[in-house]
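Undergrad: Take this structure, written in structure tokens, and hold onto it; I'll ask about it next.
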Amino acid sequence: MCKNHGVAYVKPGEVEVREIDYPKLALGDRKCHHGVILKIVSTNICGSDQHMVRGRTTAPEGLILGHEITGLVIEAGRDVEFIKEGDLVSVPFNIACGRCRNCKEGKTGICLNVNPARPGAAYGYVDMGGWVGGQSEYVMVPYADFNLLKFPDKDQAMEKIRDLTLLSDIFPTGYHGAVTAGVGPGSIVYVAGAGPVGLACAASCHLLGAAVVIVGDMIPERLAQAKSFGCETIDLRNKTPLPDAIADIVGVPEVDCAVDCVGFEAKGHGADADKEAPATVLNSVMDVTRAGGGIGIPGLYVTGDPGAVDEAAKKGSLSIRLGLGWAKSHSFHTGQCPVMKYHRQLMQAILYDKVQIAKAVNVQIISLKESVQGYKDFDGGAAKKFVIDPHGLIPN
Ligand SMILES: NC(=O)c1ccc[n+]([C@@H]2O[C@H](COP(=O)([O-])OP(=O)(O)OC[C@H]3O[C@@H](n4cnc5c(N)ncnc54)[C@H](O)[C@@H]3O)[C@@H](O)[C@H]2O)c1
Ligand SMILES: [Zn+2]
Ligand SMILES: [Zn+2]
């Protein structure tokens, strides 16, 4: 039997690579004859993983991380009909049964059958159903026929693997943020956050035809990365209030649409830019979005945060000025991105060179061993998207 190694959460601030079980077509007593075993080709570190690793969730010791998975099918269960051994596939980070009411409506981020605790599941994530994560050499993917996106040509896919690896999460997530904010041809957009999701969202806004994409963050290297592919940028450490900084760029202190690519670990603006202020982004996007505009919120908000700044925030209650959004008839869209809604079209955009998403988010390939350092560098604000190559299969 093959050995398997994966990245485990140890305690706040610490992950390690350890030997783990080789996957079975099961989750505990639950048989998964509809599943496949993948030999992982690429598996990315995500800002969502960092919430756990920073100790901001109730993730248990030993949780095997990783929900952004691309791999080769090496074993297919008895009930898998269409996916075959040897297929190279992208795995949506949402686990979905394809049979429940929500899946049938395309809402695969809130499948009703994959997590006894609540709607929605993911690999390697706290409260997300206990499915083993894929920052490892091998992983099991259930409901394979429904979940997996097969790349049409393996050789071509390996050439573009740095881009295609982003289909499991951040490219669809950034795109979903833009779509749900109503971005279209000629839009003027504010994207809060220049982490990988913010950068993927900014690139998606360009793909959707936005006229101006303004990205705000407080990390200069990440803002420079946004600038490198044509975004306007705002350094939120500056004293200039956000509406005025927007007016300096587009002549008016408002935008058509805004996307929160930050979430609950948001920092304040100006003099408070080094302090956590979890409602900052939600309140500031209501401030700068025009009346009638849309606000996409892919940034993660939680129901429990042991490290929150105050008692209310520990339960996920934030001080949001909803009256402002109501007065401006804003529409809001929250939740996990239903990856499957977008991944095929975004794959085609990659394969036909309509988008340079790996370049936009600055993909860096690392080994499984290097993932421990990757977590540290990412937490330190590196302007990079770290992609783990556990078997050394990715060409230079
Ligand atoms: N909805 C989904 O399906 C989904 C999928 C993937 C990731 N996410 C979430 O998206 C968020 C971003 O992910 P990421 O990988 O880019 O994380 P990240 O931590 O690398 O990026 C967040 C960025 O926000 C910046 N920031 C902090 N406060 C800010 C503020 N007030 N205004 C503007 N920028 C601010 C930080 O400096 C950082 O660069 C996370 O919350 C992650 O959990 C959601
Ligand atoms: Zn992710
Ligand atoms: Zn379902």
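The values are calculated or read from the model by the stated rules, or taken from the named source; none is laboratory data. The shown structure was predicted, so the numbers you read here are calculated from the model rather than taken from an experiment. With ideal geometry, Cβ positions are generated from the backbone for all residues, glycine too; neighbour counts draw on all protein chains shown. Heavy atoms of the whole protein, side chains included, go into the accessibility calculation; ligands, DNA and RNA do not. Shrake-Rupley method; radii C 1.70, N 1.55, O 1.52, S 1.80 Å.
Undergrad: Sort ARG118, ARG18 by accessible area with a 1.4 Å probe, largest first.
TA: Putting ARG118, ARG18 in descending order of accessible area: ARG118, ARG18.
Undergrad: Continuing with the same structure: Assuming 0.36 nm per residue, please report the length gained on full extension of the stretch LYS369 to CYS2 beyond their Cα-Cα distance.
TA: Net length gain for the segment: 130.3 nm.
Undergrad: What is the gain in length, in nm to one decimal, between GLN50 and VAL309 on full extension, counting 0.36 nm per residue of separation less the C-alpha to C-alpha distance?
TA: Separation in residues times 0.36 nm, less the Cα-Cα distance, equals 91.5 nm.
Undergrad: Would you work out which of LEU149, THR303, ALA247 lies farthest towards the positive end of the dipole of the chain? Charges go on Cβ: Lys and Arg +1, Asp and Glu -1.
TA: Of the candidates, LEU149 comes out farthest on the positive side.
Undergrad: Rounded to the nearest 10 Å², what accessible area does GLU19 show when all protein chains are kept and the probe is 1.4 Å?
TA: 110
Undergrad: Using a ≥ b ≥ c from the Cα gyration tensor of region 249-374 (square roots of the eigenvalues), is it rounded, prolate or oblate, where a/c under 1.5 gives rounded and otherwise the larger of a/b and b/c decides, a/b for prolate?
TA: Working: a/c = 1.85, a/b = 1.24, b/c = 1.48.
It is oblate, given that a/c is not under 1.5 and a/b is not larger than b/c.
Undergrad: I'd like the distance separating the alpha-carbon centroids of region 146-179 and region 230-267, in whole Å.
TA: Each part's Cα centre sits 29 Å from the other's.
Undergrad: Only bridges whose two residues both fall in region 224-373 count here: according to DSSP, what percent of them are antiparallel, nearest 5? Show your work: numbers first, answer last.
TA: On the way: 1 of 8 bridges.
Antiparallel bridges make up about 10 percent of those DSSP assigns within region 224-373.
Undergrad: At 1.4 Å probe size, with every protein chain present, just tell me what the per residue accessible area of the chain comes to in Å².
TA: Working: 16450 Å² over 396 residues.
Normalised by residue count, the accessible surface of the chain is 42 Å².
Undergrad: For the chain, which whole-number percentage of the solvent-accessible area (1.4 Å probe, protein heavy atoms only) is attributable to carbon and sulfur atoms?
TA: 50
Undergrad: Another question about this same structure. Within 10 Å of each candidate Cβ there may be at most 14 other Cβ atoms; applying that plus a DSSP loop requirement, which trypsin sites (Lys or Arg not before Pro) in region 354-396 survive? Numbers along the way, then the final one.
TA: Details: sites: LYS354, LYS359, LYS369, LYS376, LYS384, LYS385; in loops: LYS354, LYS369, LYS384.
Of the trypsin sites (Lys or Arg not before Pro), the ones in loops of region 354-396 whose Cβ has at most 14 other Cβ atoms within 10 Å are LYS354, LYS369.
Undergrad: Shifting gears a bit: At q = 0.08, 0.12, 0.14 Å⁻¹, what log₁₀ I(q)/I(0) does the chain have when each alpha carbon counts as one equal point scatterer in the Debye sum?
TA: -0.38, -0.89, -1.23
Undergrad: For HIS51, what accessible area in Å² do you get when you roll a 1.4 Å probe over the heavy atoms of the protein chains, rounding to the nearest 10?
TA: Rounded to the nearest 10, the figure is 10 Å².
Undergrad: Based on DSSP H runs of at least 4 residues, each adding -39500 (n - 2.57), what is the mean residue ellipticity at 222 nm of the chain after dividing by all its residues, to the nearest 500 deg cm²/dmol?
TA: Rounded to the nearest 500, it is -7000 deg cm²/dmol.
Undergrad: When Lys and Arg each count +1 and Asp and Glu each count -1, what net charge do the other residues less than 15 Å away from ALA26, Cβ to Cβ, add up to?
TA: The answer is 0.
Undergrad: Extending each Cα 7 Å along its Cβ direction at ARG18 and THR240, get the distance between those two points in nm, one decimal.
TA: Placing both labels 7 Å along Cα→Cβ, they lie 5.0 nm apart.
Undergrad: Rounded to the nearest 5, what % of the DSSP beta bridges within the chain are antiparallel ones? The partial results should precede the final answer.
TA: Working: 32 of 57 bridges.
The antiparallel proportion sits near 55 percent.
Undergrad: To continue, here is another question. Go ahead and collect, in residue order, the members of region 275-308 whose backbone nitrogen is under 18 Å from a label point 7 Å along the Cα-Cβ direction of THR58.
TA: Counting only backbone N, you get 301-308.
Undergrad: Return the distance in nm (one decimal) between the two label points of a simple spin-label model at ALA26 and ALA291, each offset 7 Å from Cα along Cα→Cβ.
TA: Going from the ALA26 label point to the ALA291 one covers 6.2 nm.
Undergrad: Please compute the length gained on full extension between HIS33 and GLU81, using 0.36 nm multiplied by the number of residues separating them and subtracting their Cα-Cα distance. Working shown, then result.
TA: Values: separation 48, 0.36 × 48 = 17.28 nm, distance 1.07 nm.
This chain segment gains 16.2 nm when fully extended.
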